[in-house]
Each structure stands twice: as structure tokens, then as C-alpha cells.
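Everything on this sheet refers to the single structure shown next.
The values are calculated or read from the model by the stated rules, or taken from the named source; none is laboratory data. Predicted model, so just to flag it, every value in this text is computed and none were measured. Every residue, glycine among them, receives a Cβ derived from its backbone with ideal geometry; neighbour counts consider all protein chains shown.
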Amino acid sequence: MRRLVFLVALLILVAAAPAHAYNAPGPRWPGDTIRYSDTMPKAWNWSIDQAVRTWNRSGADIRFRRVPRARAQVVIGYGNLGSAAGLATIGRTSGAFVRINSLLYRPLRERDRVFASQVLAHELGHVLGLHHVRSHNCRLMSTPPLTYCPEPPQPWLYDCQ
């Protein structure tokens with residue numbers, strides 16, 4: 001399991017563009033820490049932790065920190081989003097949220113946990129104020145993230161731009 005976590009974290013960090021490559025026209029958050037909470041079952045914790053770790057290690061000079069719901073600026077949850085993989089508010093806003101489509105992902109399947117972490121990291125980018133891009137320099141915010149890649153032999157072995 002530790003090896004899997006390391007490989008996924010390495011993939012996400014290598015695939016992410018440097019912080020200066022992002023365009024963030026949305027309203028900025030005050031300070032350098034965004035407090036979040038989630039309403040997801042514990043089975044989703046790995047995916048959430050990986051998504052948060054992606055941004056906390058990105059060099060974007062911003063950190064997400066888990067707090068009790070009453071102190072959260074952003075709430076991460078899930079539900080039926082139709083054909084959308086995820087949904088989020090853009091930039092600083094009251095009632096900021098991230099949602100992932102519970103119908104597309106099963107958190108106990110290794111492959112889905114990896115995909116869910118990528119979608120959650122993408123949606124957290126929207127919370128930071130980032131919009132979709134059509135550039136290979138910013139795969140995390142391209143839309144849809146990583147879905148142009150062929151099916152890999154293992155869920156963390158993507159080699160696609």
C-alpha cells in the first residue's frame with residue numbers, strides 16, 4: 001500500500017505543471033491556508049488525502065488543512081452529478097464546495113480511488129480560482145483530466161500528455 005501511495009503521489013507531482021504555469025482569474029483566498037472538511041465516508045479518505053497532498057506539495061504557495069466542519073471554508077462531498085465527474089465553486093466564495101460523482105467511482109476499488117484523487121485535485125484547483133485549460137503544460141486543469149489516455153496496465157502508470 002505504501003508503494004502505491006508513493007507511486008500515485010509521484011505521478012501527480014510529476015504530471016502537475018509548475019505553479020507559475022497556472023492562470024487563476026478567480027477571486028483569491030486570503031492568506032496561504034484554506035480550511036476544508038468533508039462529508040464523505042471514510043473509504044474516500046485516501047483519495048481526498050492524495051488530492052490535498054497534490055496541492056500542498058505543488059509549489060503554489062497555498063495549503064489545504066482539514067478542520068472540523070464548523071470551521072471549514074470548503075466542504076468536500078459527493079452525490080449524483082449526472083455525467084459530470086466532479087463539480088466545484090470557482091475561487092473564493094461563501095459556501096465553497098467540491099463534489100465528486102458517487103455513481104462513477106467506488107472508493108474500495110484501487111483504480112477508482114486513483115481516478116477520484118485526480119478528479120478531486122482538479123476540482124480543488126477550481127476552488128483556488130483556476131479554470132479549465134487546453135494545454136499539455138497543465139494536465140491537472142485540462143478537461144477532462146487524464147481521460148485522453150489509454151487504459152494503463154496499472155492505475156498509477158499513466159504516461160500520457
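Which residue pairs have Cβ atoms under 6 Å apart, sit 6 or more places apart or on different chains, and have a first residue in region 41-66 that is without any contact (Cβ under 8 Å) to a residue 24 or more places away in the chain and a second that is surrounded by fewer than 22 Cβ atoms within 10 Å (Cβ to Cβ)?
If the second residue must be surrounded by fewer than 22 Cβ atoms within 10 Å (Cβ to Cβ), the pairs left are 56/63.
Hey, could you check region 105-155 for residues that are at pLDDT below 85 and buried (at least 21 other Cβ atoms within 10 Å of the Cβ) and say which is farthest from the chain's Cα centre (by Cα)?
105
Considering region 42-73 alone, what residues qualify as being under 13 Å from the mean Cα position of the chain (by Cα) and of a type in the set (A, V, I, L, M, F, W, C)?
44, 46, 48, 51, 52, 55, 64
Suppose the filter is of a type outside the set (A, V, I, L, M, F, W, C), exposed (fewer than 15 other Cβ atoms within 10 Å of the Cβ) and at pLDDT below 95; does residue 102 pass it?
When the stated conditions are applied, residue 102 does not pass them.
Kindly provide the set of residues from region 41-98 that are under 24 Å from residue 111 (Cβ atoms), in a loop (DSSP other than H, G, I, E, B) and out of contact with any Ser or Thr (no Cβ under 9 Å at 6 or more places or on another chain), ordered by number.
Result: 41, 57, 58, 82, 83, 84.
Quick check on region 32-45. Is at least one of its residues over 19 Å from residue 115 (Cα atoms), aliphatic (A, V, I, L, M) and at pLDDT 90 or above?
Within region 32-45, one or more residues are over 19 Å from residue 115 (Cα atoms), aliphatic (A, V, I, L, M) and at pLDDT 90 or above.
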